[in-house]
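Asker: One structure follows; several queries about it will come next.
The values are calculated or read from the model by the stated rules, or taken from the named source; none is laboratory data. The structure presented is a predicted model; accordingly, all values stated were derived computationally and were not measured. Neighbour counts run over all protein chains shown; Cβ positions are idealised from the backbone, glycine included. SASA here: full protein model, heavy atoms, side chains in, ligands and nucleic acids out. Shrake-Rupley method; radii C 1.70, N 1.55, O 1.52, S 1.80 Å.
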Amino acid sequence: MSKITQFRGNYYFLSNFSDYPVQLDGLTYLNGEAAFQAGKVTTHNERLAFVGIPPNIAKSKGRKVKLRSDWEAVKIDRMRQVIDAKFSDPKLAKLLDQTGDAELLEGNNWHDKIWGVDINTLQGQNQLGKILMAKREQLRVKPLDINKENVYARN
């Protein structure tokens with residue numbers, strides 16, 4: 001099986017730092033990272049602070065918020081929600097499909113071994129990669145014909 005080991009270049013669209021809007025919580029975030037970080041708080045007003053900001057600022061802001069009490073229990077589900085919302089865009093769904101059957105590894109050198117893997121050792125949980133591969137499979141199982149073009153079901 002082939003592997004995509006970094007979400008850069010042609011595969012940057014897989015990154016939560018890529019500039020694709022995500023509609024979630026009744027809000028539109030500029031990117032997946034902002035949508036994910038907004039999940040760390042519980043109120044609409046707190047989430048508003050993540051609207052309209054770039055991913056690096058969202059990540060920094062997310063490190064400073066008072067985490068919701070159940071964050072550790074819900075963070076993986078939150079990432080699934082972000083990925084579901086992001087890839088409801090038919091253009092992005094098609095790009096995800098075009099990764100074929102490649103294993104998606106969010107390789108990084110910033111020691112994130114929960115969402116990704118260490119780029120040198122490929123060690124880590126790769127939760128983001130697993131969620132993306134599951135979404136890719138889900139989109140293949142549920143195609144939806146809209147305007148006589150083969151696009152993917154929105155969830």
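Asker: Between beta-carbons, use under 10 Å as the cut-off and find the net charge around THR42, counting Lys and Arg +1, Asp and Glu -1.
Answerer: Net charge in that neighbourhood comes out at +2.
Asker: When the chain is fully extended, how far beyond the present Cα-Cα distance does LYS94 get from ILE119, taking 0.36 nm per residue of separation?
Answerer: 6.4 nm
Asker: In nanometres, what is the gap between the two model label sites at GLU72 and LYS59, each 7 Å from Cα along Cα-to-Cβ?
Answerer: 2.3
Asker: Three principal axis extents, largest first, for the C-alpha atoms of the chain, in Å?
Answerer: 43, 42, 27
Asker: Mind listing the long-range amide H neighbours of GLY107? Cut-off is under 5 Å, sequence gap 5 or more, other chains count too, H placed in the peptide plane at 1.01 Å from N.
Answerer: Answer set, sorted by chain and number: GLN6, PHE7, VAL117.
Asker: Here's another thing I want to ask about it. Pick out which of LEU105, LEU92, LEU14 has the largest mean-square fluctuation in a Gaussian network model of the chain, springs linking Cα atoms closer than 10 Å.
Answerer: Fluctuation is largest for LEU92.
Asker: Here's something else I'd like to know. So which helices of the chain fit the span-like rule, where a helix is a whole DSSP H run, its Cα atoms reach 20 Å or more along the axis, and its mean Kyte-Doolittle is at least -0.5?
Answerer: In the chain, the long hydrophobic H runs are 127-141.
Asker: Follow-up. Summing +1 for each Lys or Arg and -1 for each Asp or Glu, what net charge is found among the other residues whose Cβ lies under 12 Å from the Cβ of LEU128? Provide the component values of the computation, followed by the final result.
Answerer: Working: positive: LYS75, ARG78, ARG80, LYS86, LYS113, LYS130, LYS135; negative: GLU33, GLU106, ASP112.
Local net charge: +4.
Asker: Can you sort LYS135, LYS64, LYS3 by 1.4 Å-probe accessible area, starting with the largest?
Answerer: Listed by decreasing accessible area, they come as LYS64, LYS3, LYS135.
Asker: Further question on the same structure: With a 1.4 Å probe and all protein chains in place, put MET1, MET79, MET133 in order of accessible area, largest first.
Answerer: Order by accessible area, largest first: MET1, MET133, MET79.
Asker: Moving on to the next point. Heads up, I need the accessible area for LEU104: 1.4 angstrom probe, whole protein in place, Å², nearest 10.
Answerer: Surface accessible to solvent at LEU104 totals approximately 0 Å².
Asker: Show which aspartates and glutamates lie in cross-link reach of LYS61 when reach means a straight Cα distance below 13 angstrom and same-chain residues fewer than eight apart are skipped.
Answerer: Those aspartates and glutamates meeting the cut-off are GLU33, GLU46.
Asker: Contour minus end-to-end for GLU137 and ASN10, with contour as 0.36 nm per residue of separation and end-to-end as the Cα-Cα distance?
Answerer: Length difference between fully extended and current span is 43.7 nm.
Asker: Using 0.36 nm per residue, how much length does the chain from ASP84 to SER2 gain when fully extended, once their Cα-Cα distance is taken away? Provide the component values of the computation, followed by the final result.
Answerer: Numbers: separation 82, 0.36 × 82 = 29.52 nm, distance 2.39 nm.
Full extension of this stretch gives 27.1 nm more.
Asker: Another one. Cut-off under 16 Å on the C-alpha distance; same-chain residues fewer than 8 positions from LYS94 excluded. Which lysines are left, in chain and number order?
Answerer: LYS86, LYS135, LYS142, LYS148
Asker: Then there is this: What does the charge count around SER2 come to, taking other residues whose C-beta lies under 12 Å from its C-beta (Lys +1, Arg +1, Asp -1, Glu -1)?
Answerer: Residues close to SER2 contribute a combined charge of -1.
Asker: In terms of the Cα gyration tensor, with a ≥ b ≥ c the square roots of its eigenvalues, is segment 37-91 rounded because a/c is under 1.5, prolate because a/b exceeds b/c, or oblate?
Answerer: Verdict is oblate for segment 37-91.
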